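Report on the following structure.
Rule-based calculations on the coordinates, nothing more; no lab input. Keep in mind that what you see is a predicted model, and the values were worked out from it rather than measured. Heads up, the Cβs are rebuilt from the backbone with ideal geometry, glycines too, and the neighbour counts pull from every protein chain shown.
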Amino acid sequence: MKRIIVHICFGIVLLLGIVYAALQALDKMTMHGESILVPDIRSFSIFEVEDTLRTLHLRFSVVDSGAYNADYPRGSVIEQLPKAGSRVKKDRELYLTVNPKNVSLIGLPNFTDRSSRQYISELKAKGFRIGKFIYKNDEHANVVLGVRYQGERVKIDDKLEKATKLDLVLGNGKGMQIEMPDLIGISHRNISSRLQNSSLNTGEFYYDATVVDTMSSFVYKQYPIVETKDVDLGAFVNLWFTEDSSNLVVDILELMRQENLKARLDSILND
């Protein structure tokens with residue numbers, strides 16, 4: 001009987017040893033518990049990418065030369081997969097999109113007697129980007145009076161690089177004012193066009209601690225606040241972004257509190 005128990009114990013120990021050895025082998029094969037944090041290599045040149053990824057034991061390949069992006073140097077990385085912050089195994093290959101080195105020149109289209117909305121659509125179709133609105137005293141609101149690049153006047157048919165950011169000089173309708181629109185809940189990727197359509201400029205952007213990917217964030221607070229009266233055309237709007245939808249509820253409650261206070265003050269002043 002004693003010998004049988006010894007054999008059973010020996011068998012259990014042997015089985016546990018086999019399982020442990022198998023797990024160790026599997027751990028080495030999959031690098032379980034060992035991963036590499038993918039760095040953000042956007043704006044890096046290919047030489048910088050090689051040096052950075054070599055030290056991390058990662059590989060890369062260039063899969064595409066994307067549309068020119070003026071926010072990044074020519075020939076630098078503008079997109080990467082997996083994204084920065086991902087965890088991967090040793091010797092993983094990263095796929096990179098690189099900014100073109102050669103950029104085509106485009107003539108500035110005619111802006112005479114054009115509305116800002118029409119002209120913005122044409123500029124975007126040609127590959128230009130829209131900067132800020134500069135309003136000048138004129139009887140016609142949002143009619144294009146001129147175009148500027150880095151503070152300098154640009155003439156019709158002047159050649160500019162694709163993706164150049166252009167500022168538009170517009171008429172202010174002799175002091176026309178608007179009511180501040182509601183921007184709460186609008187995504188980061190859509191906010192610029194929404195402001196442009198409202199004849200407003202982009203002010204400061206602020207991001208709370210929940211924002212990991214700015215393009216996935218949305219507005220939860222704005223200044224001037226919603227329905228502010230007598231806002232000048234071209235006013236700069238400051239925006240706060242979050243990825244936490246509960247912040248929308250908090251901000252709406254704060255807005256309601258402010259509106260109640262305003263109503264009470266109006267009531268007191270009118271008595």
Quiz item: Where does the charge balance sit around TYR119 when Lys and Arg score +1, Asp and Glu -1, over other residues with C-beta under 12 Å from its C-beta?
Solution: +2
Quiz item: With a sphere of radius 10 Å drawn around the Cβ of PHE44, what net charge do the other residues whose Cβ falls strictly inside it have (Lys, Arg +1; Asp, Glu -1)?
Solution: -3
Practice problem: Work out, step by step, the length gained on full extension between MET176 and ALA67: first 0.36 nm times the residue separation, then minus their alpha carbon distance; give nm to one decimal. | Solution: 35.4 nm
Quiz item: If each of LYS159 and ASP232 carries a label point 7 Å out from its Cα toward its Cβ, how far apart are those two points in nm?
Solution: 3.9 nm
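Antiparallel versus total DSSP beta bridges in segment 81-174: what percent is that, nearest 5?
70 percent
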Practice problem: Determine the alpha carbon to alpha carbon distance for each of LYS126/LYS159; LYS83/LYS132; LYS83/LYS124; LYS174/LYS229 and list only those over 23 Å. | Solution: LYS83/LYS132; LYS83/LYS124
Quiz item: Could you state the number of Å between the C-alpha centres of segment 160-180 and segment 112-135?
Solution: 8 Å
Quiz item: With labels modelled as points extended 7 Å from the Cα through the Cβ direction, what inter-label distance (nm, one decimal) is found for SER245 paired with LYS101?
Solution: 4.8 nm
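May I ask you to derive the FRET efficiency for LYS83 and ASP208 from their Cβ-Cβ distance with R0 = 22 Å, giving the value to the nearest 0.05? All intermediate terms of the calculation are to be shown ahead of the outcome.
Working: r = 21 Å, r/R0 = 0.94.
That pair, LYS83 with ASP208, gives E of 0.60.
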Practice problem: Could you sort 34-40, 114-120 so that the peptide with the highest average Cβ count within 10 Å comes first and the rest follow in order? | Solution: 114-120, 34-40
Practice problem: Calculate, in nm to one decimal, what ASP40 and ASN137 gain on full extension: separation in residues at 0.36 nm each, minus their alpha carbon distance. | Solution: 30.4 nm
Practice problem: Quote the FRET efficiency, to the nearest 0.05, computed for ARG117 versus SER216 with a Förster distance R0 of 35 Å and r equal to the Cβ-Cβ distance. | Solution: 0.80
